[in-house]
1. Looking at the range B:51-62, can you tell me whether even one residue there is assigned to a loop (DSSP other than H, G, I, E, B), assigned by TED's automatic domain parsing to the domain that holds B:Leu122 and modelled with pLDDT under 95?
2. Only residues that are within 13 Å of DNA strand D (Cβ to nearest atom) and outside any helix (DSSP H, G or I): list them for the range A:32-48, please.
3. Are any residues in the range B:156-186 free of Cβ contacts under 8 Å to residues at least 12 places away in the same chain and closer than 22 Å to A:Glu230 by Cα, and if so, which ones?
4. For A:Tyr126, only one of the following conditions fails: (1) closer than 23 Å to B:Ser215 by Cα; (2) away from DNA strand C (no atom under 16 Å from the Cβ); (3) touching a residue at least 60 places away in the same chain (Cβ under 8 Å). What is its number?
5. Going by what's in this entry, would B:Ala51 be described as surrounded by fewer than 20 Cβ atoms within 10 Å (Cβ to Cβ), within 16 Å of DNA strand D (Cβ to nearest atom), more than 30 Å from B:Ala162 (Cβ to Cβ) and without any contact (Cβ under 8 Å) to a residue 24 or more places away in the chain?
6. For B:Ala141, state whether it is over 9 Å from the mean Cα position of the chain (by Cα) and at the interface with chain A (Cβ under 10 Å from one of its Cβ atoms).
7. Search the range B:54-72 for residues that are within 14 Å of chain A (Cβ to nearest Cβ) and pair each with any residue that is among the hydroxyl-bearing types (Ser, Thr, Tyr) and more than 6 Å from DNA strand C (Cβ to nearest atom) when their beta-carbon atoms are under 9 Å apart and the residues are at least 6 apart or on different chains.
8. Which of the numbered conditions does B:Ala119 fail, given that it passes all the others? Conditions: (1) under 17 Å from the mean Cα position of the chain (by Cα); (2) within 13 Å of chain A (Cβ to nearest Cβ); (3) away from DNA strand D (no atom under 16 Å from the Cβ).
There are 2 protein chains.
Amino acid sequence: MTDRAAPGAPIPPSPWHRLPDRPVKRRGEPISREAIVAAAIRLLDADGLAALSMRRLAEELGTGAASLYWHVGSKDALLDLVFDELIGEGVGEFGDGTEAPDPSRWREQLKEIAQAQRALSLRHRYLVRISVGRIPMGPNALRLSERVLAILLAGGLPPRVAVQGYLLLVAVVNGFTMDETGMGDAPPAPDAGTRPGDPASPGETGAMARDYLASLPADQFPVLVSLADEFALTDRNERFAILIDTFIDGLARRATKVRPDESA
Amino acid sequence: MTDRAAPGAPIPPSPWHRLPDRPVKRRGEPISREAIVAAAIRLLDADGLAALSMRRLAEELGTGAASLYWHVGSKDALLDLVFDELIGEGVGEFGDGTEAPDPSRWREQLKEIAQAQRALSLRHRYLVRISVGRIPMGPNALRLSERVLAILLAGGLPPRVAVQGYLLLVAVVNGFTMDETGMGDAPPAPDAGTRPGDPASPGETGAMARDYLASLPADQFPVLVSLADEFALTDRNERFAILIDTFIDGLARRATKVRPDESA
DNA sequence: ACCTGAACACCGTTCAAGT
DNA sequence: ACCTGAACACCGTTCAAGT
């Protein structure tokens, strides 16, 4: 319907996030687009999203904030680059990326990708937050989309359902990890969860919820009070597994090609 | 296991977000906690999340920014109040809130709540963004949780699954609406979607995605290129319906009490 | 082509001082 | 008990000027 590109053509720039169109030059790189992105990720990993400012980042690189603007245009554009860079890190997770979509185990392949995506978001706890409002159309995001959709098609989903299912899978995984990472900025301390009383440790959060819910007036909140204990036992790995199992099985039920191991 | 409250007791303050503990006084209210929250919501609805600053809000109320701090403690605490206030608006959506959980139509009741929650998030497009990292334990959030969990129990889910299912439902709905509202701050213009070329209108976004995907080199992205058209046809209402149908049906399959209309 | 310092127009929050 | 002005320590971004 629209323009087709010639084989082997470079990926065109997406219309959403435009960077200053600079010749890709490379020197002793005291400063370069790549170096800025790398430094930003370093800073984000170390100190969290709130710590990333153009001034602080420039300082890290031994320049003034104004210098960064020539390379990346704006902070938002820089976050676009960071976003796609991290997606690229995630794509290397499941197999080597060349493993072909296998119709007989497409659900497992999809689950692996979902797990890898969650792991990525847990490694970089600001990732889901910077992804908000960012359409994933960078080169690495495209490679990921290509792969996921290929798997869904191999699974026998009609094209329409495959696209809807892909968009939903992304939303579902992001919704879960957003809930999970919250605003927790810096990576958890090495001993998180072992130190009792640490409010950031997973077990403590559940215990706090339990205690608070149990303390509610039982005549107004009979169910919450009775279920309070369950909130302490909540296992995020199990919950994530339940989620994607449920979701992908539901998707499978929408495949037109009925495979031996499933029925309508 | 922990403290139980006497019947009819007031809801204790949750340990997560503490407000300055002020006597609830009421006067000609040139300024009060309620007035500040109401003004904040007005400002947010009109101009979006980025427009809310303590200075601007104070100006709206005819004071200086410093005055607000005595009433709400901090901007973050103010957003806690805004959050729970909006949840309260949403709770009034499905029935009158007194309609009892009905075991024979628990799935429908759950779907109504999910729909109401999405509608709320679309009415206040910043809501999902301010909910990030905010544990929903305000009075209105508690009432909502109580109701949803009662429905899940009425549906025959074991307590453990009910709690997990509830937490997942919230994450799933938020993930979807987060994707949907993105960073789109102000409410769409009254004629959004009718004005061709408006990049914020729903149809246009799909068309942009289609055109861009179709323009990719087909040898590197055969699947994306072939599915490009589907991205333009994507219907968010349909997609949301697919999502919660899939999810709730999956939940139902985990109920131990097998009801007549379902099987393991 | 690349970098800089200085400025502009903002932030959230604190605090001594007022009434 | 409530409000205030002024200050502190920040932001993202622009822009004329340098090399």
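The values are calculated or read from the model by the stated rules, or taken from the named source; none is laboratory data. From a predicted model like this one, the values you see are computed outputs, not experimental measurements. Cβ: placed from backbone, ideal geometry, glycine included. Neighbour counts: every protein chain shown.
1. Yes, the range B:51-62 contains a residue that is assigned to a loop (DSSP other than H, G, I, E, B), assigned by TED's automatic domain parsing to the domain that holds B:Leu122 and modelled with pLDDT under 95.
2. Of everything in the range A:32-48, just one residue is within 13 Å of DNA strand D (Cβ to nearest atom) and outside any helix (DSSP H, G or I), namely A:Gly48.
3. B:Pro159, B:Arg160, B:Gln164, B:Leu167, B:Ala171
4. Only one criterion is unmet by A:Tyr126, namely (1).
5. Against the criterion (surrounded by fewer than 20 Cβ atoms within 10 Å (Cβ to Cβ), within 16 Å of DNA strand D (Cβ to nearest atom), more than 30 Å from B:Ala162 (Cβ to Cβ) and without any contact (Cβ under 8 Å) to a residue 24 or more places away in the chain), B:Ala51 does not qualify.
6. Spelling it out, it is not the case that B:Ala141 is over 9 Å from the mean Cα position of the chain (by Cα) and at the interface with chain A (Cβ under 10 Å from one of its Cβ atoms).
7. none
8. (2)
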